[in-house]
Amino acid sequence: MSLILLRHRDIKGIHQFDVYSANGGYDGLKKALREHAPGEVIDIVRKSNIRGRGGAGFPAGVKWGFIPKADGPKYVVVNADESEAGTFKDRELIEFNPHQVIEGALICAYAIGAQACFIYFRGEFMHAARTFESALREAYANNALGSNIFGSDFTCDFYTHYGAGAYICGEETALLESLEGKLGQPRIRPPFPALEGLYGKPTVINNVETLANVPPVIINGPDWYLDIGTEKSSGPKIVCLSGHINNPGNFEVPMGITYRELIFGERYGNGIPNGMKFKALLPSGGSAPIIVEASLDAHLSYEGLMEHGSLLGSASLIVMDESVDMVWAAMKLVHFFNHESCGKCTPCREGTFWLDRIYRRLLSGKGRESDVKLLESVAKQMIGETLCALGEFATSPVLSTLKHFPEEYYDKISD
Amino acid sequence: MVIDRYPAEIEAIFAKYPDKRSAVLPVLYLAQENYGHINQEAISDVAGLLDLDPTQVLSIAGFYTLFHEEPVGKYVLEICSDLPCALRGADELVESACRKLGIEKDGTTEDGMFTVKTVMCLAACDKAPMLQVNLRYEENLDEQKLDALIERLRKDDADGIAPNYGVEAFKESLKR
């Protein structure tokens, strides 16, 4: 099957407007403008069941449908703050297939009646985003952006914005705060961004990969998209493979492939290096519970890992071999969440701080027998009590490593 | 002052947003380039331009890791130390960089050439371990490659990496 999202691997130079156009690029937007009313576009996206690729899995068409129909300023915001450990799929799209992301955002803008799109890049992407910036210039020069796009009544501008190093700004309301020039801290909801988003106006926020799915769906229709993947998880997914793996990188696959195939299949990860054995997998960077060998035949889909106590998330697979100390691995992830906690809500701010301290004690050889229960107690007091998902994410590595590898914790107790 | 050095850039930044306050991060990047780090003058310049209280600007600068509140070296080596990189030797790379340069983590060499920091995931885990130097990614590193990079930087000969390398790309983007 030819690639749908990572098309630049099949078609050289697709980051250029002419090459993209010659290969069906902007046909989705043109078709939407000529053949469909905005509401019909939302229906097509809803029927195709494109779900959020940033990790949350919320259906894009439903999100778009929440936007009020009344006139007035509305915004599309593209979330390119990709910062989850182990995730590097959006960067590849931005760098090598930018027009497909721009086109997806424009179709969204047309569907909801927005006249401006913002893309929020993490600041570290300033260099990687140069291709995207030049794609925007080309899109303006070719009337794919600006006034009366492709001769229609639709007018839309596109602005780039750069963050400055903060994982929390990938949380959609923290992103809006940051874009408004405030501290990047999540908002209390409701109101949801669909009603009061950027500058208090109705706003759709979608991940880069989510929007890249939109143009081919408009061209080929929802049934074509529903045929790819599983019943509940339609379409292709970019999987990021990192850690102890022979062939790290991004892989575009239909939903429904098994985790085992992704790790050991010759076309994908091609196994574990240095003759080592598989030990554990983080299926969604640091933010979903760790899984072990017994779960590897689960299908990669929104539903596939649920009975195994984990989640698809952003499909960022971090593979660990038998040499890895799981207490150390959990410490690395907890340290990340402690560093990135925004400090707004107490359970996350204090919880991640103390989890980090307890891990340092365990790994410094001064672990106490009570530490294992203490970790569990702190983590359980955070679940369901934090303002956004970050605090809850921080408990995943703790509780899942305690569940699967308790003996490694007891080995670290000195008293 | 920041406005004297970048009048056209600041005008282009303000034109992007319906609310001037949104310009705080982009203008802080320019201020950091101008002063080398976010010092008191940088804070007061940005606050003046955006009609904000200096304490608000200070808290925003402190929230984001790419703004340096202390002076840094000409080349800032920010080594990713997150799990995917650490599984492939990032912690050893940090130790090696510090040893070679004779500094502690977060320290700057006496000649003002290098600062070594650790940072969170930079979205390049398939090419681990890696670092960014002045916002340019250097990937698939090992001790030898890191040594070679440091030597090239010491001679200011590293394939175009300059102070504020990334910010140059940002300023370029403002020319529409």
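The values are calculated or read from the model by the stated rules, or taken from the named source; none is laboratory data. Every value quoted in this text rests on a predicted model; they were computed, and no experiment measured them. Here Cβ is always computed from backbone atoms with ideal geometry, including for glycine, and neighbour counts include all displayed protein chains.
Here's the yes/no breakdown for (1) surrounded by 20 or more Cβ atoms within 10 Å (Cβ to Cβ); (2) in a loop (DSSP other than H, G, I, E, B); (3) out of contact with any strand residue (DSSP E or B) (no Cβ under 7 Å at 6 or more places or on another chain):
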| site | (1), (2), (3) |
| --- | --- |
| B:K100 | no, no, yes |
| B:T115 | yes, no, no |
| B:L122 | yes, yes, no |
| B:D147 | no, no, yes |
| B:E151 | no, no, yes |
| B:A158 | yes, yes, yes |
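On the given criteria, is A:G351 modelled with pLDDT under 95, assigned by TED's automatic domain parsing to the domain that holds A:S396 and either farther than 17 Å from A:F405 by Cα or buried (at least 24 other Cβ atoms within 10 Å of the Cβ) (or both)? No. Just one of the listed residues (B:E78, B:E70) is in contact with a Ser or Thr (Cβ under 9 Å, 6 or more places away or on another chain), of a type outside the set (G, A, S) and assigned to a loop (DSSP other than H, G, I, E, B), and it is B:E70. Taking the condition outside the structural domain of A:W64 (by TED's automatic domain parsing) and touching a Gly at 6+ places or on another chain (Cβ under 9 Å), does A:S284 pass? Answer is yes for this residue. Note on the stretch B:1-43: residues that are part of a helix (DSSP H, G or I), in contact (Cβ under 8 Å) with a residue 12 or more places away in the chain, over 14 Å from A:A164 (Cα atoms) and among the small types (G, A, S) amount to 3. Listed residues A:R189, A:R122; which is among the basic types (K, R) and closer than 21 Å to A:P59 by Cα? The conditions single out A:R189. The residue that is farthest from A:T203 (Cα to Cα), counting only those in the stretch A:69-109 that are surrounded by fewer than 24 Cβ atoms within 10 Å (Cβ to Cβ) and over 17 Å from the mean Cα position of the chain (by Cα), is A:F96.
Out of curiosity, is A:F132 within 20 Å of A:L5 (Cα to Cα) and either touching a residue at least 40 places away in the same chain (Cβ under 8 Å) or outside the structural domain of A:L195 (by TED's automatic domain parsing) (or both)? When the stated conditions are applied, A:F132 does not pass them. Applying the set (1) closer than 15 Å to A:P406 by Cα; (2) within 14 Å of chain B (Cβ to nearest Cβ) to A:D371 leaves exactly one unmet item: (2).
Here's the yes/no breakdown for (1) at positive phi; (2) surrounded by 17 or more Cβ atoms within 10 Å (Cβ to Cβ); (3) in a loop (DSSP other than H, G, I, E, B):
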site	(1), (2), (3)
A:I119	no, yes, no
A:A128	no, yes, yes
A:N143	yes, no, yes
A:A164	no, yes, yes
A:S178	no, yes, no
A:R187	no, yes, yes
A:P193	no, yes, yes
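Checked against (1) without any contact (Cβ under 8 Å) to a residue 12 or more places away in the chain; (2) outside the structural domain of A:H36 (by TED's automatic domain parsing), A:I290 passes all but a single condition, namely (1).
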